[in-house]
Amino acid sequence: ACINSVCVPPGSTPPAAPPAAPSPATAPAPYAAPGAPPAPAPADEGFTHSGREGFDGIHPFGGLMLGGGPTVGIGGGGSATVGGFLFALKGGVLIDRIELGLEFSPVTFLPYTGTGAKPVLQMHAYGGYHIPLAGPVSWPLRAGIGFAAVNLPKAAMEVRFDVVGISAMLGPVLLDLYVPSFRVLTDFDNGTVLHFMFGIGGAILPAWF
């Protein structure tokens, strides 16, 4: 008899079928299929340059102020109007739109001009708030209290009010326009001096959190 094209005599055990040929191995791909590209790392936004957003968070700052204007002396037997000049350094922190700061004039505050006028030292702490107007522009309100000394008959108390002005947050720079900043000096004995300081100011915000 013949089985699978193999013939054997009758009564003999047929041979076992040959093993099946192994299937050819799958050839490896020449390279792995590329996956989706990784998402790009978020860009470092650095300073916020979009006006009102610049007031968000906590921002330490440092800067200066330069101003001048009429000075009115009241008391001491009469009143008089002369001029005045102020150069000051300032520093502090912005908490959203709240401004807390310290202003210091290292003998660069001239309360009045004229014969015998000498610059004095002044320092005061102040607080304020920047009311949003349009884009980067705000209306700053500030009030402060401190003292003036050096080249005065006696130390004087200083009070500050900023009720008219403009501030603008331009990237890491805060600009101020004072129209004016009101300053009052009094020693409670020799009269009171009212200053109208028209001027400009600027501050750098070195780090934003």
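Is it the case that the range 89-107 has a residue that's closer than 24 Å to P70 by Cβ and not in a strand (DSSP E or B)? No, the range 89-107 has no match at all. Being modelled with pLDDT of 95 or more, surrounded by fewer than 16 Cβ atoms within 10 Å (Cβ to Cβ) and over 19 Å from T71 (Cα atoms) is a property that I131 has.
Picking from H130, H124, H195, which residue would you name as being touching a residue at least 60 places away in the same chain (Cβ under 8 Å), in a strand (DSSP E or B) and under 21 Å from L100 (Cβ atoms)? Spell out the reasoning first.
Details: H124 fails: touching a residue at least 60 places away in the same chain (Cβ under 8 Å); H195 fails: under 21 Å from L100 (Cβ atoms).
Unique residue meeting the criteria: H130.
Condition first: outside any loop (DSSP other than H, G, I, E, B) and under 17 Å from K118 (Cβ atoms). Now tell me which residues in the range 139-162 satisfy that.
Of the residues in the range 139-162, the ones outside any loop (DSSP other than H, G, I, E, B) are 139-149, 156-162.
Of everything in the range 139-162, those that are outside any loop (DSSP other than H, G, I, E, B) and under 17 Å from K118 (Cβ atoms) turn out to be F147, A148, A149, A156, E158.
Can you tell me which residue in the range 179-192 is modelled with the lowest pLDDT, limited to those that are of a type in the set (S, T, N, Q) and outside any loop (DSSP other than H, G, I, E, B)?
The initial filter retains those residues of the range 179-192 that are of a type in the set (S, T, N, Q), namely 181, 186, 190, 192.
Filter once more, keeping what is outside any loop (DSSP other than H, G, I, E, B): 181, 186, 192.
Working: S181: 97, T186: 95, T192: 91.
Ranking the qualifying residues of the range 179-192, first place goes to T192.
Before we move on, is D162 among the acidic types (D, E) and either in contact (Cβ under 8 Å) with a residue 40 or more places away in the chain or crowded, with 16+ Cβ neighbours inside 10 Å (or both)? The answer is yes for D162.
Among the residues that make up the range 181-189, is at least one of them polar (S, T, N, Q) and farther than 16 Å from F109 by Cβ?
First pass over the range 181-189, keeping only residues polar (S, T, N, Q): 181, 186.
If we keep only those that are farther than 16 Å from F109 by Cβ as well, we get none.
There is no residue in the range 181-189 that is polar (S, T, N, Q) and farther than 16 Å from F109 by Cβ.
Set side by side, the residues G77, G73 differ, and just one is part of a strand (DSSP E or B), over 11 Å from the mean Cα position of the chain (by Cα), modelled with pLDDT under 95 and surrounded by fewer than 20 Cβ atoms within 10 Å (Cβ to Cβ), which is G73.
If you check A117, A148, A156 for being surrounded by fewer than 17 Cβ atoms within 10 Å (Cβ to Cβ) and either in contact (Cβ under 8 Å) with a residue 40 or more places away in the chain or farther than 15 Å from F61 by Cα (or both), only one passes: A117.
Can you name every residue in the range 190-201 that is touching a Gly at 6+ places or on another chain (Cβ under 7 Å) and more than 16 Å from S105 (Cβ to Cβ)?
So in the range 190-201, the residues touching a Gly at 6+ places or on another chain (Cβ under 7 Å) come out as 190-193, 195-199, 201.
Residues satisfying the conditions are N190, G191, T192, F196, F198.
The values are calculated or read from the model by the stated rules, or taken from the named source; none is laboratory data. Here the structure is a predicted model, which means the values were calculated and not measured. In this analysis, Cβ positions are derived from the backbone assuming ideal geometry, glycine residues included, and neighbour counts consider all displayed protein chains.
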